[in-house]
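Notes follow once the structure below has been shown.
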Amino acid sequence: MKLTCVLFALLFLLWMPARSQHIDVLTSGTATSIRGLSVVSDQVAWVSGSHGQVGKSCDRGKTWRWFTVPGFEQRDFRDIQAFDTLTAIIIAVAEPTVILKTTDGGTNWKAVFTDTTKGMFLDAMDFAGKVGVVVGDPIAGKLFVAFTEDSGNTWQRDTDSKHLEAGAGEAFFAASGSNIKLQINSVTHKRELFMTTGGLKSRLFLNGKPMELPIIQGHESTGANSIDVWGNHAVIVGGDFSKDSLRTGNCILVDLGKKIRMTVPVTPPHGYRSCVVFMSNDTLVACGTSGVDVSYDAGLNWQMISRESFHVCGKAPNSNILFLAGNAGRVARLTF
Ligand SMILES: *[C@@H]1O[C@H](CO)[C@@H](O)[C@H](O)[C@H]1NC(C)=O
């Protein structure tokens, strides 16, 4: 009898890790470091990266088509936003700053925004329907924020906000295009913009209002790299990309109730993480150069499921599929 109990207990323990996840690599070898990822559906995903490369799959990631954007062979596309199989927007970081749009599936790209201001460096972009936002490093001490109302055809810099003064050494990371989040509140229908900065200072801007973040900061390589929001909860990840196995101050859980409350996980992710994604209200994935972590309790405890390096990950809407992308043109898939 006792033996049977022990056996059952053992079987139960053996069955438990059945939850462990397997990452399927879909493509690799293209000479590009991918930082931009936009998942349109479980069928369609676009990626963007260095050497002027954009990639697209329309068959769940089975086959990939790569485009070199003419004239941009030496440029880096740190973020991409795709609307369908034909339409996408990319940002070329550094000077001169250019935002490009394709409406024919990636063959032709047209500049929809250019700025030759010295020091311009666009970092990330996000959309909620036709409305979009792009952010860049400070110009004359003010964080660069511009909006579009027409799916990226025209852009207007936000010159109204009084709160966009950057602290010394405070900027945005261009690690995964996920350090900003734009959404329409389902109850109030109001626009909500979350922005996280990093560097010597790392803060959360909620609709333009800055808040201190209890995340690692103080060096050029430290701070928040990514934010995702589900209902009244936000999770922010980051760390120190120059010490990518460091686990101190690399994750913040934010309660967005009437009074904003910030806490840290019990078991943080296992190193610097450049991107975080909610799969559901309690399942989260975070990836970075030192590996991939999953949390099943809304970010309180994280377990490492892979030591493989990925810069960015993105969930397919209305699906349990997650795409991941990183160095050497690598794109992978994780199914929950
Ligand atoms: C997530 O949703 C499920 C089902 O609705 C619920 O049981 C669970 O408590 C929720 N988790 C969190 C962290 O809110």
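The values are calculated or read from the model by the stated rules, or taken from the named source; none is laboratory data. Computed from a prediction, not measured in an experiment: that's the story for all the values here. A quick note on method: Cβ atoms are made from the backbone with ideal geometry, for glycine too, and the neighbour counts reach across all protein chains shown. Areas reflect the complete protein model, heavy atoms only, side chains present, ligands, DNA and RNA absent. Shrake-Rupley method; radii C 1.70, N 1.55, O 1.52, S 1.80 Å.
Can you tell me the 0 to 90 degree angle between the C-alpha axis of helix 2-15 and the longest principal axis of the chain, rounded to 10? Result, in degrees: 10. Note that segment 203-217 has calculated 3J(HN,Hα) couplings of 9, 10, 9, 10, 6, x, 8, x, 9, 5, 10, x, 10, 4, 7 Hz, one per residue in order, obtained from phi through the Karplus relation 6.51 cos²θ - 1.76 cosθ + 1.60 (θ = phi - 60°); glycine and proline are x.
The Cα-based radius of gyration and maximum Cα-Cα distance (Dmax) for segment 72-142 are 12.3, 38 Å. Counting every pair of alpha carbons in segment 258-332, the share spaced more than 17 Å apart comes to 44 percent. Counting only aspartates and glutamates at least 8 places from K258 when in the same chain, there are none with an alpha carbon closer than 14 Å to its own.
Segment 235-310 and segment 89-153 have Cα centres spaced 28 Å apart.
Could you sort T248, T27, T117 by their accessible area in this structure, using a 1.4 Å probe and putting the largest first? Walk me through the numbers before you get to the answer.
On the way: T248 85, T27 25, T117 60 Å².
The ordering from most to least exposed comes out as T248, T117, T27.
Mean separation of Cα pairs under 8 Å and 6 or more residues apart, divided by the residue count, gives segment 140-255 a relative contact order of 18 percent. Heavy-atom accessible surface of T103, to the nearest 10 Å², is about 100 Å², with a 1.4 Å probe and all protein chains retained. When the P(r) of the chain is calculated, the portion above 37 Å amounts to 14% of the C-alpha pairs.
Along segment 120-132 the Karplus relation, 6.51 cos²θ - 1.76 cosθ + 1.60 evaluated at θ = phi - 60°, assigns HN-Hα couplings of 5, 8, 7, 10, 7, 8, 8, 10, 10, x, 7, 7, x Hz to successive residues, with x for each Gly and Pro. All alpha carbon pair distances within segment 149-294 were sorted into 10 Å bins beginning at 0; the resulting P(r) in whole percents reads 12, 43, 33, 12, 0. Its Cα gyration tensor gives segment 231-287 an equivalent ellipsoid, and the semi-axes of that ellipsoid, as √(5λ) in whole Å with the largest first, are 21, 13, 9. Estimated from the Cβ-Cβ distance and a Förster radius of 56 angstrom, the FRET efficiency linking N185 and Q74 is about 0.85. Rounded to whole numbers, the Karplus 3J(HN,Hα) couplings from phi for segment 183-194 are 8, 9, 4, 5, 8, 8, 6, 8, 6, 10, 10, 10 Hz, using 6.51 cos²θ - 1.76 cosθ + 1.60 with θ = phi - 60°, and x at Gly and Pro. Based on DSSP H segments of at least four residues, each scored -39500 (n - 2.57), the chain has a per-residue ellipticity at 222 nm of -1500 deg cm²/dmol. With an 8 Å cut-off on Cα pairs and a minimum separation of 6 or more residues, tell me the relative contact order of the chain in percent. Dividing the mean separation by the residue count of the chain yields 14 percent.
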